[in-house]
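Take a look at the structure below.
The values are calculated or read from the model by the stated rules, or taken from the named source; none is laboratory data. Because the structure is predicted, anything quoted here is derived from the model rather than measured. Counting neighbours? That spans all protein chains shown, and the Cβs are built from the backbone with ideal geometry, glycine included. Note: accessible area is taken over every heavy atom of the protein model, side chains too, but ligands, DNA and RNA are not part of it. Shrake-Rupley method; radii C 1.70, N 1.55, O 1.52, S 1.80 Å.
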Amino acid sequence: MSQSVKAVLVARARLGECPVWDADGQQLFWVDAYNHRVHQFDPASGQDRYFDTGDVVSALVLAGRNRLLIALQNRLAFLELSTGEVTTLYTVEFPHPDTRFNDGKCDAQGRFWIGSVSDATGQAALYRYDPDGSFQVMETGLTISNGLGWSPDGTTFYLTDSAPAKTIYAYDFEAKTGTIHNRRVLVDLSQEEVEPDGLTIDREGNLWAALWNGWQVACFDASGQEKFRIAMPVQRPTARLAPPLLPANLLLCTQP
């Protein structure tokens with residue numbers, strides 16, 4: 001599949017992740033995890049500004065006017081865009097010392113799903129933070145809990161365990177209760193050198209996965225069948241916004 005790929009911002013990020021499009025403000029938010037920055041990019045003007053969070057920051061979601069919910073090393077916090085103030089909401093004591101939060105997204109009911117990444121195999125997990133402030137463990141036995149999303153009809157939940165599993169799982173999803181069950185392997189890339197990273201779902205129900213170390217983005221249908229791959233000019237694409245969320249599709253990528 002022929003695609004034109006070009007850079008819209010040279011940010012010199014150490015690890016660019018978690019693009020979130022603000023349709024009302026026509027702004028793109030994303031994180032530079034290891035530089036401890038949340039970026040706000042205006043595609044119309046090309047202007048980019050950032051907020052220093054003072055900690056590793058791995059994910060964000062919109063949380064009302066001029067406010068973001070962000071995932072730090074082991075904390076969930078509000079970031080006030082008008083002041084740059086970071087206010088901790090919840091702190092987690094991870095079972096392994098070399099563990100931190102990783103990718104996260106909100107479901108249609110406003111619950112924040114956030115995974116962790118651990119240097120110890122099988123010590124990461126998936127969590128759910130609800131609007132009432134409750135915090136629950138939703139899945140265990142992961143190592144790099146990564147790209148996640150929901151089918152357009154809201155009945156299927158997808159979760160990536162990047163390495164060493166190199167697998168995208170599908171679950172039955174109960175929207176009312178926010179529960180997941182019946183895990184099955186949807187995409188298995190364990191025989192390849194690439195790792196599935198960030199994931200998003202388009203309105204036709206296709207899954208788009210950034211392939212870390214693969215110089216590619218892959219598209220799979222809802223059954224897990226690969227449809228095509230798009231070559232990228234960078235080795236480590238990390239996340240993608242699905243069409244038609246932006247006038248031009250946009251990826252965040254990091255080089256080694």
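Would you be able to say whether some residue in the range 123-140 is under 26 Å from Gln235 (Cβ atoms) and either touching a residue at least 40 places away in the same chain (Cβ under 8 Å) or among the β-branched types (Val, Ile, Thr) (or both)? Quick ask: steps written out before the conclusion?
Here is the first cut: in the range 123-140, the ones under 26 Å from Gln235 (Cβ atoms) are 124.
Subsequent filtering for residues that are either touching a residue at least 40 places away in the same chain (Cβ under 8 Å) or among the β-branched types (Val, Ile, Thr) (or both) retains none.
No, the range 123-140 contains no residue that is under 26 Å from Gln235 (Cβ atoms) and either touching a residue at least 40 places away in the same chain (Cβ under 8 Å) or among the β-branched types (Val, Ile, Thr) (or both).
Return a yes/no flag: does the range 95-112 have any residue that is open to solvent by less than 20 Å² (accessible area, probe 1.4 Å), of a type in the set (S, T, N, Q) and farther than 26 Å from Gln27 by Cβ.
Yes, the range 95-112 has at least one match.
Kindly indicate the residue of the range 59-92 that is closer than 20 Å to Gly133 by Cα and of a type in the set (Ser, Thr, Tyr) and also surrounded by the fewest Cβ atoms within 10 Å (Cβ to Cβ) among those meeting that condition.
Ranking the candidates gives Thr87 first.
(1) under 22 Å from Leu186 (Cα atoms); (2) open to solvent by 30 Å² or more (accessible area, probe 1.4 Å); (3) assigned to a strand (DSSP E or B): which one isn't true of Gly115, the others all being true?
Status for Gly115: all satisfied but (2).
Among the candidates Asp153, Asp132, Asp172, single out the residue that is assigned to a strand (DSSP E or B), of a type outside the set (A, V, I, L, M, F, W, C) and open to solvent by 40 Å² or more (accessible area, probe 1.4 Å).
Values: Asp153 fails: assigned to a strand (DSSP E or B); Asp132 fails: assigned to a strand (DSSP E or B).
One residue alone meets the criteria, Asp172.
Could you grab me the full set of residues in the range 139-150 that are small (Gly, Ala, Ser), surrounded by fewer than 24 Cβ atoms within 10 Å (Cβ to Cβ) and closer than 13 Å to Gly122 by Cα? Walk me through how you get there before you give the answer.
Keep residues of the range 139-150 that are small (Gly, Ala, Ser), which gives 141, 145, 147, 149.
Subset that is surrounded by fewer than 24 Cβ atoms within 10 Å (Cβ to Cβ): 141, 149.
Listed by number, the list holds a single entry, Gly141.
Being part of a loop (DSSP other than H, G, I, E, B), open to solvent by 40 Å² or more (accessible area, probe 1.4 Å) and under 22 Å from Thr155 (Cβ atoms) is the filter here, so list the residues in the range 200-232 that pass it. Break it down into steps so the answer makes sense when it comes.
Keep residues of the range 200-232 that are part of a loop (DSSP other than H, G, I, E, B), which gives 202-206, 213-215, 221-225, 232.
If we keep only those that are open to solvent by 40 Å² or more (accessible area, probe 1.4 Å) too, we end up with 203-204, 213, 215, 221-223, 225.
Matches in the range 200-232: Arg203, Glu204, Asp221, Ala222, Ser223, Gln225.
Name the single residue, out of those in the range 235-248 being surrounded by fewer than 17 Cβ atoms within 10 Å (Cβ to Cβ) and farther than 19 Å from Val61 by Cα, that is modelled with the highest pLDDT.
Checked the range 235-248; the qualifying residue modelled with the highest pLDDT is Gln235.
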